[in-house]
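Visitor: Next up is a structure, given as structure tokens.
Read the figures in this text as sums done on the coordinates, not as results from a lab. A quick note: this is a predicted structure, and the numbers were derived from the prediction, not measured. Cβ atoms come from the backbone with ideal geometry, glycine included; neighbour counts cover every protein chain shown.
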Amino acid sequence: MSVYPLRQEEVSPGISAALDALDESGVGYETGAMGTMLWGEDEEVFHTLLAAFRNAISVGRTTMVVTISNASPWPGGESDAVTRRRGDAENNPT
């Protein structure tokens, strides 16, 4: 996810507002220079994305860009991603 505050004197408040929603959620995330990777159960991730967007637009005009994939490795490697998604390491082939 990438958040782009538009026509605002400062971009930090809008980005911080979006990140607040991630902090309040149960999803895992990792921030980068140009975006943030989220992982978790799909309904929780979508709910968190909506909350992040709503927080950002409460500060001002905002564009949020999201790429959704079930094929991207999560931090720690792809096998960790499958384990986290399924929640059962014993049934997870490595």
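Visitor: At what distance in angstrom do the alpha carbon centres of region 52-72 and region 16-35 lie from each other?
Guide: Result: 10 Å between the Cα centres.
Visitor: What nm value, rounded to one decimal, do you get for the distance between Thr63 and Glu41 when each label is placed 7 Å out toward the C-beta?
Guide: Result for the modelled spin labels: 3.4 nm.
Visitor: I've got another one for you. Would you mind computing, in nm to one decimal, how far apart the modelled labels at Val11 and Asn70 are, each placed 7 Å from Cα along Cα→Cβ?
Guide: Placing both labels 7 Å along Cα→Cβ, they lie 3.3 nm apart.
Visitor: Here's a follow-up. What residues have an amide H closer than 5 Å to that of Trp74, excluding those fewer than 5 places away on the same chain, when H is modeled at 1.01 Å from N in the peptide plane?
Guide: Ala81
Visitor: For Gly28, list long-range residues whose amide hydrogen, built 1.01 Å from N in the peptide plane, is under 5 Å from its own amide hydrogen.
Guide: Excluding prolines and chain starts, which carry no amide H, the hits are Trp39.
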